[in-house]
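See below for the structure under consideration.
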Amino acid sequence: MNEGGSLVAGEKILIVEDEVLIAADLRDVVTSLGYEVSGIADSFETAQQFAAFSTIALVDVNLRDGATGPRIGQYLASDFGVAVVMVTGNPEQIETDLSKIIGLISKPAHPNLIREVLEYLRAIREGERGVPPGGMRLFA
């Protein structure tokens, strides 16, 4: 956080991932793109702790407390207005109504796809249309 404004204005990214190395890689990609990471959560309980401090969330499906990712995503979007994208190695597990969640990308996600997803989420949060990345499945 410097005075030169290198951080992407106001966006705070919550990473919900229970695999330590994947979470660290995502954090490194997100911070290298100029975003601030509000936290890394590995369960519904830890995600709740960071919810109020986050504007965007990248959420895995299977976490330390089970397949709670979709419920976490709906909670973050409904209760806190967080823009949520599921990031999962098991996209076929997503069957439920995820109307509040913006979309899904598959793991492993290339850093360029993460950048495009974050740019898209930032654009729609700012009221713009934005162009969804090619590697992202939209829910709404």
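The values are calculated or read from the model by the stated rules, or taken from the named source; none is laboratory data. This structure is a prediction, so every number in the text was calculated from the model and none was measured. Every residue, glycine as well, gets a Cβ built from its backbone with ideal geometry; the counts of neighbours run over all protein chains shown.
The set of residues in segment 64-75 that are crowded, with 22+ Cβ neighbours inside 10 Å and either under 18 Å from ALA24 (Cβ atoms) or of a type in the set (Gly, Ala, Ser) (or both) comprises GLY69, GLY73. Just a yes or no: is a residue in segment 39-53 at pLDDT 90 or above, within 22 Å of ARG137 (Cβ to Cβ), surrounded by 14 or more Cβ atoms within 10 Å (Cβ to Cβ) and of a type outside the set (Gly, Ala, Ser)? For segment 39-53, residues at pLDDT 90 or above, within 22 Å of ARG137 (Cβ to Cβ), surrounded by 14 or more Cβ atoms within 10 Å (Cβ to Cβ) and of a type outside the set (Gly, Ala, Ser): absent.
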